[in-house]
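Read the structure below first, then the notes.
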Amino acid sequence: MTLGERIKACRRNAGMSQEKIAELVGVSRQAVGKWETDQSTPSTANLFRLAEIFGTTVDMLLASEKDAGQSLAEQLHLLRRLEEERKAAAKKRWKRNALTALYVAVGYIGIYLIGRVVWCDLSQSSLIGWLFTARPSGEHSYLYGWLLSSRLFWYAAAVSVAPALFGKYKFSCITLAAFVIGLLLGIAFGPNPAGAAWGHGDYGWAIWGAVYLLSIVAGIIVERHTRKPDSNEESKIKS
């Protein structure tokens, strides 16, 4: 019995559909179909997920007639190698997630510093005061100052950075880009005649808020509909 046949048999014994297995593992239904027909093989990490779902072990999934004569030492060596590969893949994935989160955080820090340079006068305070306490002033500073005073600047940064730690790169990039676009649009089109009903003469806050909230929805949709199986799962390997 091949690996694909064992996966198919375990799935049927568990009373699950290919769609359910795909949902639990985190891949597409097509990927599960290819596993079961031996057009491709699961990655090491997904083999462990499948074994957990089926209540079995990886060596049982991998066992075949030609492997029946393997010694216990050979089977243990195989399992140890698979576990090492799984840990290496997890470490690589975490490093990639951490770097992405760092890049997004640096993007927000860059926006913060640019705003300080443009709208905060360094000559009127110490360097520490300029960095953290100086209040923005001057033309077009309203939206930047409002984001800082309301702490929405840092809340938005957290909303963008945190998902990157869990591999949601597209969401993080979309919300970061929307923050910048909303800020620029708010600065450009926010000021309105004195005495207006909203925003003390500036409704840039509404423009920024609308753009950023839409980006959150867009980021969620993009993440849900562009998730792709691991390249290892899609590679064709002949049995």
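The values are calculated or read from the model by the stated rules, or taken from the named source; none is laboratory data. These numbers come from a predicted model, not from an experiment. Heads up, the Cβs are rebuilt from the backbone with ideal geometry, glycines too, and the neighbour counts pull from every protein chain shown. Side chains are part of the model used for accessible areas, which takes the heavy atoms of the whole protein and leaves out ligands, DNA and RNA. Shrake-Rupley method; radii C 1.70, N 1.55, O 1.52, S 1.80 Å.
Quick one: 3J(HN,Hα) in Hz for the range 96-109, Karplus 6.51/-1.76/1.60 with θ = phi - 60°, rounded, Gly and Pro as x.
Coupling constants for the range 96-109: 5, 4, 5, 5, 4, 4, 5, 4, 5, 4, 4, x, 5, 5 Hz.
For ASP202, enumerate residues with amide H under 5 Å from its amide H, sequence gap 5+ or separate chain, H modeled in the peptide plane.
ASN192
What are the residues whose amide H is under 5 Å from the amide H of SER40, where those residues sit 5 or more places off or on another chain and H is modelled from the backbone?
TRP35, ILE237
Within the set of other residues whose C-beta is less than 14 Å from the C-beta of LEU148, count the net charge using Lys and Arg as +1 and Asp and Glu as -1.
Once all neighbours under 14 Å are counted, the net charge is +3.
Checking the table LYS8/LYS92; LYS92/LYS170; LYS8/LYS34; LYS95/LYS170 against a 20 Å threshold on Cα-Cα, which pairs fail?
Check vs 20 Å cut-off fails for LYS8/LYS92.
Accessible area, 1.4 Å probe, largest first: how do ARG135, ARG80 sort?
Ranking ARG135, ARG80 by accessible area, largest first, yields ARG135, ARG80.
Describe numerically, in nm with one decimal, the distance between label points set 7 Å from Cα along Cα→Cβ at TRP130 and at ALA177.
According to this spin-label approximation, the distance is 3.3 nm.
Each residue of the range 112-126 in turn: what ³J(HN,Hα) in whole Hz from Karplus with 6.51, -1.76, 1.60 and θ = phi - 60°, glycine and Pro shown as x?
4, 5, 4, x, 4, 5, 6, 10, 10, 8, 5, 5, 9, 7, 6
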